[in-house]
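Working notes, beginning with the structure itself.
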Amino acid sequence: MSREHDTGADTPRVLSRRNFLIFGGGAIAAVAAGGGAMAATAAPGARGKMPPGLVDRPNVRQLALSVTDGWAGMPRELPVIDPYFPDTLAPAPLDTYIFGFRDVTGLDRPIVQSQAGKAQISAPVIEATVGEEVWITLSNLGLLTRPDLVDSHTLHWHGFRNAIPYYDGVPETSISVPIGRDFTYVFRPEDAGTYMYHCHFEDVEHVTMGMTGIVFVRPAANSAWAYDDPDTEFDVEMPIMLTEFDLAGHWNDAHIQTSDWTSYKPDVWLMNGRAYPDTLAPSGVRDDITGDLVPQVGFEHLQYQPQTSKIRATGGQRVLLRIANLGFQEQTLAMPGIDLVSVGSDARWLTPDQRTVSDTLVIGAGESRDVIFVAPQWRPDGNNTYPLFNTDPTKYRGNLDGSDQWVGGQRTELEVEA
Amino acid sequence: MTARNHTRPAAHRRARRWGAVALAIAGLTSATALTTNHTVSAVPPTAKSEGLLCTPPTGATPGQANYVLTAKEGIINLPDGNSMLMWGYANGNGAFQYPGPVMCVNEGDVVTVTLRNQLAVRTSALFLGIDGVTANGAPAQAQFDQTATTATLRSLTDDVAPGGSITYKFTAGHPGTYLYESGTDPELQIEMGLVGSLIVYPTTPADTSDLLGESVGHARLAYDDPNSRYSTEHEYMVLLTELDPDVHYAVEEGGVLQSADYTEAYTPRYFLINGRSFPDTIAPNGAGWLPAQPYGALAHVEPLQISATPTESDNPLPALIRYLAVGGEPYPFHPHSNHEKVIAKDGRLLSDGGVDLSMEKFAITVDPGSTIDALFTWTNVEDYSATANPTPVPGPDQKNLTEGEYWSGSPYLGGQGVLNPEVQAKNVCGEYYHVAHNHNLAEATNYGAAFGGQLTLIRVDPANTTNCGNA
């Protein structure tokens, strides 16, 4: 059986620095570190291996994503929703069935295969630069908890201009990737901005189960600009993917039940795959020997949700928020007292005439926004925390003891550091 | 009430329409208008098979546009075999249809709309975004049921009793895309289907001078502004609505609906474009198997060829998409394949003192009761071809892929391959298909079943070829 592409042997090659992609936890940690744009660094050991079957090519960024199922953890304080949450099939300390992507760039095939059943949410953040060619090899590892579901998967780059169906990832108008097979998607991004990607196979189910991530494109002129415009320069950037989970739908998928998606009613609202207060926990990393994500002490339930939403900056730094919404609802986020300048919308640079300045932003399903704000000066009295939250007070789950209304909702913080 | 075969409730009338669905798909594969039996359709058989389908006004007096709308009930079909009792605006003495006629008038026209009520309840027509509407000669006003001590809002505009008629009149002051809908018990009557669209065309002629003087009869402006120029051959309507079957069932059974039926209990299950749910959205205008749902939503274009000196064969004019929404929440509509340039909202250009504020969007959120006009082109930027410019990574053997029914079997525009034997291939000539859909993906379903609902296709034919019927 021919599972490999015929473009060459699976020869380990050393990637150039610019070819390297920073995925998932490592990326976010670099972002939040402050003092500059997202650094082109990587988790140790991630370089040196190509996606299966591909060879190194100049000016080509080559990545490997696997798709599979797995388990995530909602906030420890979240009340029980009988029988849906916590899911009794979940391995402790996890509680919610998911489908998702994983970054398996640089891993050998047996290690990649060992990641079946270990999906993550939100999907790895993908970064590219205008003028670069991006190859993303998608490997379908199947669903360990649902071997009866023989779904294929795809990668749809949401917002990619002048797409051709072959690389658009809509199974009905194109091809999709069966279990045990690979397919390499090729993209040549020509326009900077914040985009997103998701699986389009059985789209309503696969998207809400967690197969959603951010992909952003830097302008060729300057990697510290959001667009080809010095007014969009930033010091710190934070991608934030907004989604929601109807936990009954997740339980149904784990327990071989079907869902009527027109009854969709979310229970938790997520930033980067986590609900508050987990949004503030640090980012996780991949162990490049085992290929697995590493659990963090005190946050073991977030092993497969490696992306923090905590923003760290020093006073006066320009912070770029790349916000994408792949939930099914329109959301309004607010950062009271902070001027959020909209510089981009749907990966389109906004002219000075089109920009808005507000401490609130509205983002519909499927839309993206790029906003820049200046971090307030550090205060010696210790009041250096500024919340960014969903203004709809009904979009949270509540606390087991009823004390913190934001548990299970979209809320994070800017921490101004000295 | 109109005569109707009413032996079983609509919600249980699951006529097996698979034959009709198969026909709908077959319709897609024909590049020319189908000659299906239109005798029961709400639009004439001579109507164009794709794109916005205007109902012309009656009367030949220049500057006058007259319409007669008849509010009546009828039945629509959904792709899963369900059918539903509806109320709608019919054109004059024409058959029931949903949505109502697309009224197309010119800027400055005096528009007269006579509404005849064949429903069992009072009804009305409210023209959103239109100034100076009169009803039977007096300024249109909200209507109240008065008692000695109370005044209860009955209708947002002058309404008409069953069996009666009322005449609305206004001057079409601004070009653009507008909604009309019932202002009487709108929570029920809009849900039941009393909605339609009104297009006002500008009087300014389109400048065609940069097309090398070629005859481009299909160049037109959407507004009195050169940035709104588009091709009349590629003008499309996307009217977004939703239906809760329980409401329609209750009406059919003569039930009395309470406010809680529109708040707590209200759960739409069907999400429609132009009164149809995918795959019916891609069937031709006036398809005989959708007699009460005359408007298709398939967009059909050729690639824009980038040229310093464009000619008509370069397809330099964009398509115009007119979005309208009626329902309980914003619909986030996501066209695949390229951004669309949003040039107007609610019948007004996006500009401020001459500053162009149009915006390219990959997701267009259409709010209830509002309209958006957007321009669309698609360019074959990569220009991949099997010989001169193959895709950088050769694909695996097709046996290692799952293939879709609209897939051509080739990555290349105009290319075709034989699909895996289990796939019912629907591609004709190597054309590309892209989806355009509501990104609240629960609403891109037919009662929860994926790849349905508010979803349609954008068909891109190879430029200037003969085998797609578009030489």
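Once R0 is set to 51 Å, what does the formula 1/(1 + (r/R0)^6) return for the Cβ-Cβ distance between residue A:287 and residue A:353, expressed as a FRET efficiency to the nearest 0.05?
After rounding, the FRET efficiency stands at 0.55.
For chain A, give the magnitude of the charge dipole about the Cα centre (Cβ charges: +1 Lys/Arg, -1 Asp/Glu; no others), in debye to the nearest 20.
Using Cβ point charges on Lys, Arg, Asp and Glu, chain A gives about 960 debye.
Based on the mean of other Cβ atoms within 10 Å per residue, sort peptides B:318-328, A:283-293, B:99-109 so the most packed one is first.
Sorting B:318-328, A:283-293, B:99-109 by mean packing, highest first, produces B:318-328, B:99-109, A:283-293.
So what J values fall out for segment A:300-307 if you push phi through Karplus, 6.51 cos²θ - 1.76 cosθ + 1.60 with θ = phi - 60°, rounded to Hz, Gly and Pro as x?
4, 6, 9, 4, 9, 10, x, 9
Sort B:422, A:190, B:181, A:77 so that the residue with the fewest other Cβ atoms within 10 Å of its own Cβ comes first and the one with the most comes last.
Going from sparsest to densest Cβ surroundings: B:422, A:190, A:77, B:181.
If the only charges are +1 at each Lys and Arg Cβ and -1 at each Asp and Glu Cβ, what is the size of the charge dipole of the protein assembly as shown around the Cα centre, to the nearest 20 debye?
Using only the charged Cβ atoms, the result is roughly 980 debye.
Ranked from highest to lowest mean number of other Cβ atoms within 10 Å per residue, what is the order of the peptides A:408-415, B:114-121?
A:408-415, B:114-121
Run through the DSSP bridge list for chain B and note the antiparallel percent, rounded to the nearest 5.
That works out to approximately 75 percent antiparallel.
For the residue pair residue A:111 and residue A:378, what label-to-label distance in nm results when each label sits 7 Å from Cα along the Cα-to-beta-carbon direction?
3.8 nm
Starting from segment B:230-263, pick out the GluC sites (Glu not before Pro) whose DSSP state is loop and whose Cβ has at most 11 other Cβ atoms within 10 Å.
Here the sparse-neighbourhood loop sites are B:253.
Working only with C-alpha atoms, what are the Rg and Dmax values of the protein assembly as shown, expressed in angstrom?
So, for the protein assembly as shown, Rg and Dmax equal 27.6, 90 Å respectively.
Taking the Cα of residue A:76, stepping 7 Å toward and past its beta carbon, and measuring to each backbone N in segment A:288-315: which are under 15 Å?
A:296-303, by backbone N distance to the label point.
Let me know the mean shielding of B:443-451 by other chains, meaning the per-residue number of their Cβ atoms within 10 Å of its Cβ.
6
Taking amide H positions as placed in the peptide plane 1.01 Å from N, state which residues far from residue A:233 in sequence (5 or more) or on other chains have amide H under 5 Å from it.
Result for residue A:233 returns A:226.
Per residue of A:357-366, how many C-beta atoms from partner chains lie within 10 Å of its own C-beta, taken as a mean?
Rounded to a whole number, the mean comes out at 4.
Please report B:348, A:379 as a ranked list, fewest other C-beta atoms within 10 angstrom at the top and most at the bottom.
Ascending number of Cβ neighbours within 10 Å: A:379, B:348.
Any idea how far the Cα center of segment B:364-432 sits from the one of segment B:438-467, in Å?
Result: 12 Å between the Cα centres.
So between residue B:385 and residue B:263, what do we pick up on full extension, going 0.36 nm a residue minus the alpha carbon distance?
38.5 nm
How would you order A:234-241, A:143-150 from highest to lowest mean count of nearby Cβ atoms within 10 Å?
Averaged packing, sorted descending, gives the order A:234-241, A:143-150.
Given 10 Å bins starting at zero, what is the percent of C-alpha pairs of segment A:244-417 in each, up to the one with the largest pair distance?
Going from the shortest bin to the longest, the percentages are 9, 30, 35, 20, 5, 0.
Applying the Karplus parametrisation 6.51 cos²θ - 1.76 cosθ + 1.60 with θ = phi - 60° to the phi angles of segment B:47-55, what ³J(HN,Hα) value in whole Hz is obtained for each residue in order, glycine and proline being reported as x?
So the Karplus estimates, Gly and Pro as x, are 4, 5, 7, 10, x, 4, 10, 6, 9 Hz.
Considering every residue in A:407-413, what mean count of other chain Cβ atoms within 10 Å of its Cβ is obtained?
Mean partner shielding for this stretch: 0.
What percentages, rounded to whole numbers, describe P(r) for chain B computed over all alpha carbon pairs with 10 Å bin width beginning at zero?
For chain B, the binned pair fractions read 4, 19, 30, 26, 14, 5, 1, 0, 0 percent.
Can you tell which of B:193, A:388, A:239 lies farthest toward the positive end of the dipole of the protein assembly as shown, using +1 and -1 charges on the Cβ of basic and acidic side chains (Lys, Arg; Asp, Glu)?
B:193
For chain B, what is the calculated [θ] at 222 nm in deg cm²/dmol (nearest 500), taking -39500 (n - 2.57) for each run of four or more DSSP H residues and dividing by its residue count?
Using -39500 (n - 2.57) per qualifying helix, the result is -1500 deg cm²/dmol.
Given H placed 1.01 Å from N in the peptide plane, which residues other than close sequence neighbours of residue B:334 have an amide H under 5 Å from its amide H?
It is B:364, B:437, B:438, B:439, by chain and number.
Counting other beta carbons within 10 Å of each residue's own, what order do A:82, A:359 fall into, fewest first?
Exposure proxy ranking, most exposed first: A:82, A:359.
Coordinate-derived values only; no laboratory data. Since the model is a prediction, treat every value here as computed from it, not as a measurement. Cβ: placed from backbone, ideal geometry, glycine included. Neighbour counts: every protein chain shown.
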